[in-house]
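J.: Here's a structure for you.
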Amino acid sequence: MIVFTGFVMSLTFRLLAVPFAIPFLACSGLSAASEPLLLQAAQIKALGIETALVGEADAARKGTLPASVLVPNEQMRIVSAPVGGMVDMLAVAPGDAVKRGQVIARLSSPQALELQREALQSNAQANLQNQNLKRDEQLFAEGLIAESRLQATRAAAAQAAAMAGERRQGLSLAGLTPGKLGEGLALTAPIDGVVLEQGAQLGKRVEPSALIYRIAKLSPLWLEIQAPVDLAATLQTGVPVKIANSNVSGKLIAIGRAVDAASQTVLLRASVDTGAESLRPGQVVEVEIEAGNAGKAARQPRVPATALSRNQGVALVFVQTASDEKGTSFAARPVRIVSQGGEGMVVDGVASGERIAVKGVSGLKAMLSGVGKE
């Protein structure tokens, strides 16, 4: 066991006096440096070293990650102006609950009047052509007209019927009732839901396709989570997801296949059923991803990010091996980072219940480097 009886300042001077950095001990070197470092109480205080017990990853939690609350695409509807006109009435406002078929707005529109007039005219023309067809069929049966005339009448009747159908469909898309000229254009809610946005103002003119209301059903909701690649690799759909410090929970429904080039994260999507009414679309929350189905990774411990130190690409933690009247011993142990999120990391190489240094790690690393130079 190596005992450090000198002052930290003296050790720091020795390290700074070395002209070139000594490479971190490789596999063979790690075994040599694994001999514990013995520190006295005064040294521990001077270096600001604090320790904590390694715990399980909080019921297999894979990390606390930021997430955005979204409305599923199939639960969102847009109410827009089918034709240009002036807003005569707005019956609801953002935050109001609406029922399917409820009249929520009304427009006055010359274009709507034109659509109604054209529908009436095409319907009258279709009726006239249908009467002509019945007459010519009777005349042809009596041998009074040629077959070519009957065929021409049939074509005209079919064309008129198609035109009338087109006009009726246009009225239906515009929310107008066929056969009633002069009525205002009533806009109705397409689903049961909540008004999220209002895009029109009373008394203002709107153009065709202009947003009037955005309506959504707010249960269930989606959480879109950006997760580290290593974490995403250990997950599968169906894994429980919980919003931190709440009872809001759901499950993972999709794991992205692409990696964001800038953040090196993968998009995860979760569906939230329990407690969804307490969330708001657009809200940013912190989520905990359970890993009960993620195999070995679910049993690996989680340590604070401050407990890790790196040297030449090797991740280390300092494990307390003994503490008695002679001093406190720490051994450097290589670990493998499985995943990281929030302020912690899931690692392989330490066991639950072991005590590790969580503060003052840089001082221990300096001492370890000094030992490596002997």
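J.: Once you charge only the Cβ atoms, +1 for Lys and Arg and -1 for Asp and Glu, what is the size of the charge dipole of the stretch 79-153 about its Cα centre, to the nearest 20 debye?
T.: Numbers: 7 positive and 8 negative charges, 55 e Å.
Dipole of the stretch 79-153, to the nearest 20 debye: 260 debye.
J.: A follow-up question, please. Beyond 24 Å between alpha-carbons counts as too far, so tell me which of K99/K251; K45/K365; K217/K242 fall in that bin.
T.: Values: K99/K251 29 Å; K45/K365 16 Å; K217/K242 21 Å.
Pairs exceeding the cut-off: K99/K251.
J.: To the nearest 20 debye, what is the magnitude of the charge dipole of the stretch 110-183 about its Cα centre, counting +1 on the Cβ of each Lys and Arg and -1 on the Cβ of each Asp and Glu?
T.: Details: 8 positive and 8 negative charges, 19 e Å.
Taking the Cα centre of the stretch 110-183 as origin, the dipole is about 100 debye.
J.: Another question about this same structure. For the stretch 104-258, what is the convex hull volume of the alpha-carbon atoms per residue, in Å³?
T.: Values: hull volume 37.5 nm³, N = 155.
Residue-normalised Cα hull volume stands at 242 Å³.
J.: So, one more: Taking amide H positions as placed 1.01 Å from N in the peptide plane, with prolines and chain starts having none, which residues 5 or more places from T321, or on another chain, fall under 5 Å of its amide H?
T.: Counting only residues 5 or more places away or on other chains, the set is S329, F330, A331.
J.: Given 37 °C and 0.692 mPa s, compute D for the stretch 110-183 with the Stokes-Einstein relation, Rh being the Kirkwood radius over Cα pairs; round to the nearest whole µm²/s.
T.: Working: Rh = 13.3 Å.
Taking Rh from Cα pairs, D becomes 246 µm²/s.
Bear in mind these aren't lab numbers, they're just calculated from the coordinates by the rules spelled out. Keep in mind the model is a prediction, meaning the values are calculated, not measured. Positions of Cβ are generated from backbone atoms using ideal geometry, with glycine treated the same way; all protein chains shown enter the neighbour counts.
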